[in-house]
Amino acid sequence: MSGRPIVTLEGVTKRFGRTLAADRISLTVEEGEFFALLGPSGCGKTTLLRLLAGFERPDAGRILIDGQDMSGVPTNMRPVGMVFQSYALFPHMSVAENIAFGLKVDRVPTAERRRRGEETLAVVKLGGLAARRPHQISGGEKQRVALARALVRRPRLLLLDEPLSALDAQLREAMRGELAQLQKAVGVTFLFVTHDQQEALAMASRCAVMNAGALEQVGSPRDLYQRPASRFVANFLGQVNIFPGRLTRAPGGAVGLLSPELAGEIPVETCGSLAEGPVWMAVRPEEIDVMAHSAPSAATGREARLMGSVARIFYLGSHSMLEVLVGGQTLRVLRANRAGDGPGVGDKVWLSWRPEAARILVG
């Protein structure tokens with residue numbers, strides 16, 4: 001990444017009737033980033049993509065691409081390419097003709113079209129399929145044709161709308177790596193929309209999580225997963241245990257979470273300027289240790305210690321997900337499977353985790 005903004009949104013707002021699809025969105029995407037807009041269906045992420053492409057006009061705010069205000073700039077004059085969810089390939093054209101179609105519309109000379117088409121075919125590893133029609137190639141190959149058709153025009157920004165959703169699960173996983181490698185190879189800024197958390201976490205350098213037309217949080221995949229800023233982000237990105245409590249501060253400065261649902265007080269990491277009062281605690285299942293026979297000692301370094309009983313166990317292959325009843329709360333614990341090892345349903349267990357593994361949330 002160059003640190004130079006390629007996309008700048010300033011207070012962008014868009015309504016469709018009574019629906020607020022984009023609520024004063026301000027966001028910067030840097031040149032060379034692989035950036036994900038992530039959120040549930042109907043949260044406004046595709047609307048932002050359409051605003052950037054010029055298919056929609058904002059009701060308020062400004063959109064700048066490569067430093068240029070896009071107000072009044074038509075779709076075909078914007079320095080962007082777009083890959084649609086359906087790929088939208090022309091069935092009567094060959095792979096090579098599909099890829100070169102945009103250049104033909106731009107009246108690029110025939111020899112130049114051929115040269116750039118061949119170069120782009122090589123980049124997406126489709127050189128041997130140039131003469132085939134869309135119905136003669138696989139789903140993954142169709143996706144690469146759609147990418148090549150957008151890249152051949154040398155856009156400054158490539159917009160991708162759910163680019164892997166039409167593929168089956170196994171191919172989708174394989175294409176994640178290919179797409180990330182392709183982005184690095186061509187150096188074009190990718191901005192893609194997805195509702196798939198794993199897809200965004202695996203490929204993006206940064207993500208923006210959206211909810212009801214607003215940005216909830218922007219950051220690296222690791223930051224969003226390990227340091228969610230809200231209950232929505234914590235819940236949306238993977239499995240998480242969230243329970244209510246009240247922050248307390250001892251005279252010596254130690255901070256704890258008093259949780260009636262867990263029937264006890266849990267030591268937590270320092271919470272900065274957060275005042276005493278009602279909050280929520282979030283702990284990922286993989287951060288919790290489970291012991292079936294005795295309470296963890298202070299030597300383990302795990303300061304949160306709770307006793308419960310195993311209610312259900314879900315076998316997941318290399319791991320099992322345990323549901324443990326602690327007071328009035330069910331905590332999920334992800335535990336590695338080892339031969340002849342582990343508690344059973346109905347067993348009493350002790351749970352523990354490091355204070356820094358928990359996240360205190362106020363919203």
Point to revise | Euclidean distance between Cα centres, region 73-92 to region 1-72, Å | key: 17 Å
Check your understanding: Any idea how far the Cα center of region 113-155 sits from the one of region 213-244, in Å?
Key -> 37 Å
Exercise for review: Identify all aspartates and glutamates with a Cα-Cα distance to Lys14 below 20 Å; exclude those on the same chain that are fewer than 8 residues away in sequence.
Suggested key: Asp23, Glu56, Asp59, Asp69, Asp161, Glu216
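Which of the peptides 129-138, 218-227 is most tightly packed, and how do the rest follow, going by the mean number of other Cβ atoms within 10 Å of each residue?
Values: 129-138: 14.1, 218-227: 16.6.
Sorting 129-138, 218-227 by mean packing, highest first, produces 218-227, 129-138.
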Revision key, fill the gap. Residues whose built amide H sits under 5 Å from the amide H of Lys125, excluding neighbours closer than 5 in sequence, are none
Revision key, fill the gap. Residue by residue through region 30-37, the couplings from Karplus 6.51 cos²θ - 1.76 cosθ + 1.60 with θ = phi - 60°, in Hz, x for Gly and Pro, are 7, 4, x, 6, 10, 10, 10, 9
Practice item. Check cross-link reach from Lys184 to the lysines: straight Cα distance under 30 Å, and skip same-chain residues fewer than eight apart. Key: Lys45, Lys104, Lys125, Lys142
Practice item. Work out from phi, with θ = phi - 60° and the Karplus expression 6.51 cos²θ - 1.76 cosθ + 1.60, the ³J(HN,Hα) of each residue of region 242-247, listed in order in whole Hz, and give x for Gly and Pro. Key: 10, 9, x, x, 9, 5
Revision key, fill the gap. Which residues qualify? For Leu361, with a placed amide H closer than 5 Å and at least 5 residues away or on another chain, they are Trp280, Met281, Ala282
**Study point:** Matching label, semi-axes √(5λ) of the Cα gyration tensor in Å computed from the structure shown, candidates (1) 47, 25, 16; (2) 32, 24, 20; (3) 35, 24, 18
**Key:** (1)
Review point. When you count, for each residue, the other Cβ atoms within 10 Å and take the mean per peptide, how do 32-43, 74-85 rank with the highest first?
Key: 32-43, 74-85
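All of the numbers you see were taken from the coordinates with simple rules; none came from a lab. Just so it is clear, the model here is predicted, and its values are computed rather than measured. Every residue, glycine as well, gets a Cβ built from its backbone with ideal geometry; the counts of neighbours run over all protein chains shown.
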